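Below is one structure; the comments refer to it alone.
The values are calculated or read from the model by the stated rules, or taken from the named source; none is laboratory data. As the structure is a computational prediction, the values presented were derived from the model and not from experiment. So basically every Cβ, Gly included, is an ideal-geometry build from the backbone, and we count neighbours across all protein chains shown.
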């Protein structure tokens, strides 16, 4: 996993507003950082229950974002992440992501 110093340095280069935020803030498990506004917002999670950074990085998906190849978490890992958070909107998102990928695990489990 990238160090807290690497994360904060990358955000500085990106031009993210970091006033009042230290590199140590990026080392706390469970913390997150958001910059930008929807629909172009970046969420940086310092940890995610049930997800290993190295494995998730290997499964990342590169997407052309205004001419820049940008890594995103894979759909499968996003579903794992949203299930782990378990907030009402996350569970709605899981349902929509599964429908979009042609499967619906929550309904399949409910049938058993």
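Worth a mention:
- Boolean, residue 51 is farther than 24 Å from residue 90 by Cα and surrounded by 13 or more Cβ atoms within 10 Å (Cβ to Cβ): no
- Considering 13, 63, the condition of being without any contact (Cβ under 8 Å) to a residue 24 or more places away in the chain, farther than 18 Å from residue 83 by Cα and not assigned by TED's automatic domain parsing to the domain that holds residue 82 is satisfied by 13 alone.
- Counted residues, segment 16-32 - those being touching a helix residue (DSSP H, G or I) at 6+ places or on another chain (Cβ under 7 Å) and in contact (Cβ under 8 Å) with a residue 12 or more places away in the chain: 5
- Any hit, segment 90-97, residues being closer than 30 Å to residue 8 by Cα, loosely packed, with under 13 Cβ neighbours inside 10 Å and modelled with pLDDT of 85 or more: no
- Failed item, numbered, when residue 78 is tested on (1) assigned by TED's automatic domain parsing to the domain that holds residue 101; (2) modelled with pLDDT under 85: (2)
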